[in-house]
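Single-structure report; data block below.
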Amino acid sequence: MHEVPPSYAGKILRVDLSAGKAATEPLPRALVKQWLGGKGIGTYLLYNELKQYIDPLGPDNKLIFATGPATGTVLPHKGYIVCYKSPLTGIYASSSSGGSFGDELKRAGFDVLIVNERARKPVYLWIDDERAEIRNAEHLWGRDALETNDIIKEELGDVEIKVARIGIAGERLVKFASILNDYSRMAGRCGPGAVMGSKNLKAIAVRGTNPIEVAKIDELIEFMRGLLETVKETPSTGTAYPMWGTPGGVNVANLQGVFPTRYWHKGVLQGFEKINAETMRRRIVIKDKACYTCPVNCSKIVRVKQGPYVGSVLEGPDYETLYTLGGLPENNDLEAIVKAHELCDSLGMDAMTAGNAVAFAMDCYDRGIISSKDTDGVELTFGNKEGLIQMIEKIGRRTGFGNVLAEGVRAAARIIGRGAETLAVHVKGLEPAGYDPRGLKGVALAFAVADRGACHLTGSIYTYEMRGDIDRLAYEGKAAHLKELEERFAICDTMIFCRFMRDVYDLKTLTKATELLVGFRLNERKLRLIGEKTINLARAFNVREGISRKDDTWPERFFKEPLPDGASKGQVIDKSRFAKMLNEYYRLRGWGENGIPSKEKLGELGLNYGSQHLETP
Ligand code: SF4
């Protein structure tokens, strides 16, 4: 008899690092019914267990690793999501990762792992089928993220175990350090690796051998057959992602003039063909790869075969690193991008923020705000690929000027001063993904309101704008479209389905899949409501931290500085039309004109005005 519905392991593992203790507790059935899993349960626990204004790098922050009903099952899915307060942005954060770490955790008996407090000396956590043990990791401190994986596997005598771990960037509290799992899959954005480093937790190793039961296995297998057919027949999942992966977007973005270049001053990279997906496949791709049970194979394993970076191996680069290590620093050397990305992986940090930080410094350098005296002698000119690589190494180790950029673009601009703040590009402290909002008006709205800052994943409206499903330059109708997408993708993050399957997992398919996994009756409206509530709860967390309308915007230069070339030439974000879009979005969300969820919306979450400091700041 299941305490919780099928497809759940049924337990939470709580680890208190200062006490050196791990304890299990049942996963409450009510929690599952209300929030399903993944981002839903993670956000609920984060909101309720974190006090307002805690230091993200202090012992009171928590890392809440949450799996979903799809994790560990035969349905194509991602891995896990980790929720925490971000040291980069100071607000809500959730970062998801593919690979098999989440599956292993769930098969070890845990739907959720909560880590809090701080160990006195470096440790790692070893979870072996429901048993958890905290082990000394002093010998691992100072090791990079890739070798740490190998050492722990050898130490535990099993190459099949899964290890989530940090690199040197996490140990040195680089604000955008990430957590790696499998070879180099990452919970990448917003700095979960720094939180792990602040707790002196080097790694979490897991072995899980328990099968995951689902509610209706025969029907699920039948459903899977149909789903796999749809995956094959759908252009994105059947052809584009398997062949090109996300780098397939490089051509489209450049042809539309929205590929962020020269630190957000241009929308077209000269010679972008040298770093596009076709060139990648011809020169460096050695293997296609997929997450556990996924037939899409969107990931590419590459190896540099000649030149100064020969031997560099990587799972990537993806679209986002091609933009951030290629477009932003005006670097069209594909092998140098691979080297820079590989370095980010081994140091254990988010290449998206790292590339933004270096390109921001190049912009400052170009304008005489900083000189080589500030940058330890490194000539930070646009196009200097060696300068890019050197500065990434410095960031990950927090040496010299790297120590400034390790704080992220917003904080680095404040430290540098002398007008650097007018150049800095971020929303709520998070550097944007690679889609220029001046040529994609839905992106302008989506990144402004996303729960963790300038995030492309909460709404993914860029896909629909860039492939022409909706008019990319129109403002009208974008708020409603974004709301629908955000709710669907919040469900994906709650179930731990991958959003790259967005053309396959419509709301009807998501509902059917969920019912077959968990066994209780759902309908599209109820499922969508769980997505909506998750979004509102993340917003409530942020409002409690002081976020409101004033923060749902872009740096001033996006309203004033037109894109200079390409198909989006002359485009800016029109301030009044942006404000109208924002008003419409707030109205549809029920957030009030200052972006604060209404009494009714808070009531749905079990929160009240006046409690939890949710009044307008
Ligand atoms: S589409 Fe790609 S990222 Fe998503 S689950 Fe499949 S292989 Fe993993």
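The values are calculated or read from the model by the stated rules, or taken from the named source; none is laboratory data. Remember, predicted model here, so these are calculated numbers, not experimental data. Glycine gets a Cβ as well: all are built from the backbone with ideal geometry, and neighbour counts include every protein chain shown.
Picking from residues in the range 466-520 that are charged (D, E, K, R) and not in a helix (DSSP H, G or I), the one that is nearest to the chain's Cα centre (by Cα) is R502. Of all residues in the range 403-422, those satisfying the criterion of being under 15 Å from T353 (Cα atoms), part of a helix (DSSP H, G or I), touching a residue at least 12 places away in the same chain (Cβ under 8 Å) and out of contact with any Gly (no Cβ under 6 Å at 6 or more places or on another chain) are V404, L405, V409, A411, A412, A413. Looking across the range 224-262, the residues that are surrounded by fewer than 21 Cβ atoms within 10 Å (Cβ to Cβ), more than 16 Å from the ligand (Cβ to nearest atom) and modelled with pLDDT of 95 or more come down to N251, V252, L255. Filter the range 124-152 down to residues that are charged (D, E, K, R) and over 25 Å from the mean Cα position of the chain (by Cα) and give me whichever is modelled with the lowest pLDDT. Filtering first and then ranking leaves E130. Residues in the range 293-311 that are touching a residue at least 24 places away in the same chain (Cβ under 8 Å), touching a Leu at 6+ places or on another chain (Cβ under 9 Å) and away from the ligand (no atom under 16 Å from the Cβ): V304 alone.
Residue-wise test of (1) modelled with pLDDT of 90 or more; (2) away from the ligand (no atom under 16 Å from the Cβ); (3) at positive phi.
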site	(1), (2), (3)
M495	yes, no, no
C498	no, no, no
M501	no, no, no
V504	yes, no, no
T511	yes, yes, no
T514	yes, yes, no
I530	yes, yes, no
A538	yes, yes, no
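When the range 153-174 is filtered for residues that are among the aliphatic types (A, V, I, L, M), over 19 Å from the mean Cα position of the chain (by Cα) and under 23 Å from V115 (Cα atoms), the ones remaining, listed by number, are L156, I161, I168. Filtered by the rule that a residue be modelled with pLDDT under 95 and buried (at least 20 other Cβ atoms within 10 Å of the Cβ), the range 280-311 gives C291, Y292, C294, V296, C298, S299, K300.
Report yes if some residue within the range 157-176 is in a strand (DSSP E or B) and within 16 Å of the ligand (Cβ to nearest atom); otherwise report no. Yes: the range 157-176 contains one or more residues that are in a strand (DSSP E or B) and within 16 Å of the ligand (Cβ to nearest atom). Residues in the range 279-292 that are more than 14 Å from the ligand (Cβ to nearest atom), of a type outside the set (V, I, T) and touching a residue at least 12 places away in the same chain (Cβ under 8 Å): M280, R281, R283.
Have a look at G377, G453, G442 and point out the one that is buried (at least 23 other Cβ atoms within 10 Å of the Cβ) and not in a helix (DSSP H, G or I).
On the way: G377 fails: buried (at least 23 other Cβ atoms within 10 Å of the Cβ); G442 fails: not in a helix (DSSP H, G or I).
It is G453.
No other residue among R418, R438 is basic (K, R) and closer than 17 Å to W264 by Cα apart from R438.
Out of the range 64-97, which residues are small (G, A, S) and within 15 Å of the ligand (Cβ to nearest atom)? Passing the criteria: G68, A70, G72, G79, S95, S96, S97. When R120, R135, R131 are checked against the criterion of being assigned by TED's automatic domain parsing to the domain that holds L50, farther than 23 Å from Y53 by Cα and free of Cβ contacts under 8 Å to residues at least 12 places away in the same chain, a single residue qualifies: R131.
Looking only at the range 1-26, which residues are touching a Phe, Trp or Tyr at 6+ places or on another chain (Cβ under 6 Å) and under 30 Å from T89 (Cα atoms)? Scanning the range 1-26 gives a single hit, L13. Close contacts from the range 81-109, counting a first residue that is farther than 10 Å from R452 by Cβ and a second that is within 16 Å of the ligand (Cβ to nearest atom) and among the acidic types (D, E), with Cβ to Cβ under 9 Å and a gap of 6+ residues or different chains, come to I81/D493; S96/D493; S97/D182; G98/D182; G99/D182; S100/D182; F101/D182.
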